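The values are calculated or read from the model by the stated rules, or taken from the named source; none is laboratory data. Just so it is clear, the model here is predicted, and its values are computed rather than measured. For neighbour counting, all protein chains shown are included, and Cβ atoms are generated from backbone atoms with ideal geometry for every residue, glycine included. Ligands, DNA and RNA are excluded from the accessible area calculation, which covers all protein heavy atoms including side chains. Shrake-Rupley method; radii C 1.70, N 1.55, O 1.52, S 1.80 Å.
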Amino acid sequence: MEYIKYRFYQKANKCAKEFQRLKSEHADVVLGEVKLGQVLTGMKGIPLLVTDTSKLDPEEGIRFKGYTIPELQQKLPKINPDGEPIPEGLLYLMLIGEIPSQEDALNLSRDLATRAHVPQHTFDVIDAMPKTSKPMTQFSAAILSMATESTFQKAYRAGVNKKYFWDATYEDVMNLIARLPRVAAYIYRRQFHNGNHIEPNPRLDWAGNLAHMMGFDSEDIRRLFRLYMIIHADHEGGNVSAHTAHLVGSALSNPYYCYSAAMNGLAGPLHGLANQDVIFWIFEMIEELDTDTPTDEQVAEYCKNTLESGRVIPGYGHAVLRKTDPRFTAQQEFADKYIKDDKMVNLANQLYRVVPPILGSVGKIKNPWPNVDAYSGSLLYHYGIKEYTFYTVMFGVSRALGVLASLVNDRIYGMPIERPTSHPLSWFKEQAEGKGSDC
Ligand code: NMX
Ligand code: MLT
C-alpha cells in the first residue's frame with residue numbers, strides 16, 4: 001500500500017472503530033429536540049451528519065480539522081514562500097488529520113499528477129454537447145462519464161468484502177480529484193477559446209496546472225488559484241453539494257456518480273451558482289445605472305429594487321453563518337495586498353458597505369453579511385477570467401477535496417444507507433394543532 005493511503009488507513013481505521021463502538025454502545029443517547037420550525041426551514045441546526053473534514057461555526061466561520069483559514073495560510077506547505085499554500089496540503093490534512101511536511105504535500109501532488117489521465121471518451125462526451133449547454137452541465141456529465149473507470153464499481157461487482165470498500169473508494173477519489181483540473185480546463189478552452197486546448201504540465205502543482213491548462217501562467221494567477229482552491233474546498237457536511245455526495249454515496253453508488261450529483265446541487269443559484277450570479281447582477285446594475293462608478297445611494301436603490309422584485313441579492317446571506325464569511329475576508333485581504341484600484345474589486349468593496357444595512361433592515365433575513373461568492377468573481381475577473389458562467393466549475397474543482405475525502409471516510413466507517421422519515425403535511429399540522437387537514 002502506498003504511503004499516503006497507508007497513513008490515511010492508520011488514522012481513519014482508528015476512527016472507524018470509534019464510529020462502530022458509539023453505534024453499538026450509545027445508540028440511545030439523546031442529542032436534542034427537533035422543532036417544527038427546523039423541519040420547515042430546511043432542517044437547519046439539527047445534528048444529523050457525521051463529517052470530520054471541517055466544521056462551520058456561525059460566528060467564526062470554517063475550520064478545517066481545527067484550523068482557520070489564516071492558520072492554514074501560515075502552516076500549510078507552499079511552493080513559493082511569498083505565495084499561498086498548495087491545496088494538496090489541505091487534502092492531506094483533511095484525509096490524515098495532520099499538517100503535512102513540505103515533502104508529504106509534494107508527494108501527494110506528484111501522486112495526483114500520475115493519476116491525472118482523463119479517458120478520451122470523457123472529452124468526446126464534452127465535445128458532443130452543444131456549446132449552449134452550461135459549463136456546469138458539461139462538468140457534471142464529464143464526471144459521470146468517467147464512471148467507466150470506477151475501481152469501486154468493479155470491486156463491488158467482483159464481490160469484494162465490504163470491509164475493503166474504502167480501499168477502492170480511495171482509488172476512485174484520488175483519480176477523480178487528479179482529473180478534475182484537466183476536465184474543467186478542457187470545458188473552459190472549448191467554450192471560450194475555440195477548442196484551442198493546452199496540455200497539462202505534470203511538473204506543476206494541482207492548482208497551478210489548472211491555471212496553466214486554462215491559459216494562465218503568471219505567478220500572480222497561480223497564487224490566486226491556490227487561495228481559491230483552499231477556501232472553497234469544504235464547508236462541513238450539510239451544504240447541498242457535500243450532503244448530496246454523502247447521500248448518494250450511502251447507496252454505495254460509485255464516487256463518480258456521487259460527485260456528479262453533488263455538482264448538480266452546486267449548480268443551483270442558492271448554492272455555487274451564486275458566484276456567477278454576483279457578476280451577472282453587478283453587470284445588470286452597471287447597465288441599469290449607466291455607470292460603473294455608482295454612488296452608494298444609487299447602489300442602495302438598485303439593491304432595494306432587487307428585493308422588491310422578489311429576488312435575492314447574490315453573495316449575501318447564509319444558512320449557517322451569522323457574520324462576514326472568513327472566505328470573503330481572505331479574498332478581500334488578497335485584493336488589498338495585490339490589486340490596486342480595480343473596477344470590479346471596488347464594486348465588491350462598495351457592496352460590502354451598502355448591502356448589509358439594507359438586508360439587516362429586512363426583518364426575516366438571518367444573516368445580512370457577505371458569503372464567499374460576493375468576492376470571488378471580482379478577483380477572477382480582474383485577472384482576466386471574465387467568462388463568469390465558468391466560475392461555478394472552479395468552485396466544483398475545489399469542493400472535490402473536502403467532499404471526496406469525506407466519502408472515503410464514509411466508506412471506512414461503514415456508514416449505512418441514509419433514510420430519514422417523511423410525513424404528509426397533515427401529520428405535522430396534527431403535531432402542532434392536534435388536528436390534521438386534507439393537505
Ligand atoms: N437576498 C434576499 N433575500 C434573502 C437573502 C438575500 N441575500 N438571504 C436570505 N433571504 C431571504 C430568504 O430568501 C428567506 O425568504 P423567505 O422567507 O421569503 O423564503 C428569508 O430571507 C430567510 O432566509 P434565511 O433563513 O436568512 O436564509 P436561508 O438559510 O433560507 O438561505 C441562502 C440561505 C444562502 C440560500 C440565502 O441567504 C440566499 O439566497 N442568498 C443569496 C444567494 C447566495 O449568495 N447563495 C450562496 C451561498 C454560499 N454558497 O456558495 O453556497
Ligand atoms: C458552501 O460553501 O457550501 C456554502 O457556503 C453553503 C453552505 O455552507 O451551506
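Going by amide H atoms built from the backbone, whose H comes under 5 Å of the H on residue 54, apart from near neighbours?
HN-HN under 5 Å from residue 54: 65, 236.
Over all pairs of distinct alpha carbons, what does the Kirkwood formula give as the hydrodynamic radius of the chain, in Å?
22.9
Sort 203-213, 345-355, 5-15, 33-43 by packing, meaning the average of other beta carbons within 10 Å per residue, with the highest value first.
Averaged packing, sorted descending, gives the order 203-213, 345-355, 5-15, 33-43.
Report the one residue of 370, 414, 400 whose Cα lies farthest in the direction of the positive end of the charge dipole of region 345-415 (charges on C-beta: Lys and Arg +1, Asp and Glu -1; origin at the Cα centre).
Going by the charge dipole, the pick is 370.
Which sequence of 160, 299, 312 reflects their accessible areas, 1.4 Å probe, from the largest down?
These residues rank, largest area first, as 312, 160, 299.
For region 30-89 and region 143-173, what is the separation of their Cα centres, given in Å?
28
Please give, to one decimal in nm, the separation of the simple spin-label points placed at residue 75 and residue 290, each 7 Å out from Cα toward the Cβ.
5.5
If you roll a 1.4 Å probe over the chain with all protein chains in place, what percent of the accessible area is carbon or sulfur?
In the chain, the share of accessible area belonging to carbon and sulfur is 53 percent.
Work out, step by step, the length gained on full extension between residue 435 and residue 364: first 0.36 nm times the residue separation, then minus their alpha carbon distance; give nm to one decimal.
Gain in length upon complete extension: 22.7 nm.
What spacing in nm lies between the two simple spin-label points modelled at residue 251 and residue 270, each 7 Å away from Cα in the Cβ direction?
About 2.2 nm separates the two model spin labels.
Let me have the relative contact order for the chain, percent, based on Cα pairs under 8 Å that are six or more residues apart.
That works out to 21 percent.
Using DSSP H assignments, which helices in the chain have an axial alpha-carbon span of 30 Å or above and a mean Kyte-Doolittle hydropathy of 0.5 or higher?
Those that clear 30 Å and a mean of 0.5 are 391-413.
For the cross-link pairs 35/65; 23/163; 14/163; 44/65, which exceed 20 Å when the distance is taken from alpha carbon to alpha carbon?
35/65; 44/65
If you wrap a convex hull around the alpha carbons of region 325-439, what volume per residue comes out, as a whole number of Å³?
Cα convex hull per residue, to the nearest whole number: 201 Å³.
Using per-residue counts of other Cβ atoms within 10 Å, averaged over each peptide, order 190-201, 254-265 from highest down.
254-265, 190-201
I need the peptides 49-62, 119-132 ranked by packing, meaning the mean over residues of other C-beta atoms within 10 angstrom, with the highest value on top.
Taking the mean over residues of other Cβ atoms within 10 Å, the ranking is 49-62, 119-132.
Around residue 316, which amide H atoms from residues at least 5 apart in sequence, or from another chain, sit under 5 Å from its own amide H, with H modelled in the peptide plane?
371
For the chain, with only Lys/Arg (+1) and Asp/Glu (-1) charged at the beta-carbon, what is the dipole magnitude about the Cα centre, in debye rounded to 20?
Here the size comes out at about 1300 debye.
So how far, in whole Å, is the C-alpha centre of region 307-324 from the one of region 394-428?
So the separation of the two Cα centres works out to 25 Å.
Excluding residue 200 itself, what net charge comes from residues whose Cβ is under 14 Å from its Cβ, given Lys and Arg +1 and Asp and Glu -1?
Value of the local net charge: +3.
Tally Lys and Arg at +1 and Asp and Glu at -1 over the other residues with C-beta under 13 Å from the C-beta of residue 368: what net charge comes out?
With Lys, Arg at +1 and Asp, Glu at -1, the neighbours total +4.
Report the net charge of residues surrounding residue 106, where surrounding means a beta-carbon distance below 9 angstrom and charges are Lys +1, Arg +1, Asp -1, Glu -1.
In short, -3.
Just give me a number: lysine pairs in region 273-383, eight or more positions apart or cross-chain, with C-alpha atoms less than 30 Å apart.
11
Taking only protein heavy atoms and a 1.4 Å probe, what accessible area per residue, in Å², does the chain have with all protein chains in place?
On a per-residue basis, the chain sits at 46 Å².
Stretched out fully, how many nm does the piece from residue 308 to residue 35 gain, at 0.36 nm a residue minus the Cα gap?
95.2 nm
Report, in deg cm²/dmol and to the nearest 500, the calculated mean residue ellipticity at 222 nm for the chain, where each DSSP H run with n ≥ 4 adds -39500 (n - 2.57) and the sum is divided by the residue count.
Taken over the chain, the calculation gives -19000 deg cm²/dmol.
Expected output is a single nm value to one decimal: the length gained when fully extending between residue 121 and residue 283, i.e. 0.36 nm times separation in residues minus the C-alpha distance. What is it?
So the extension gain works out to 54.6 nm.
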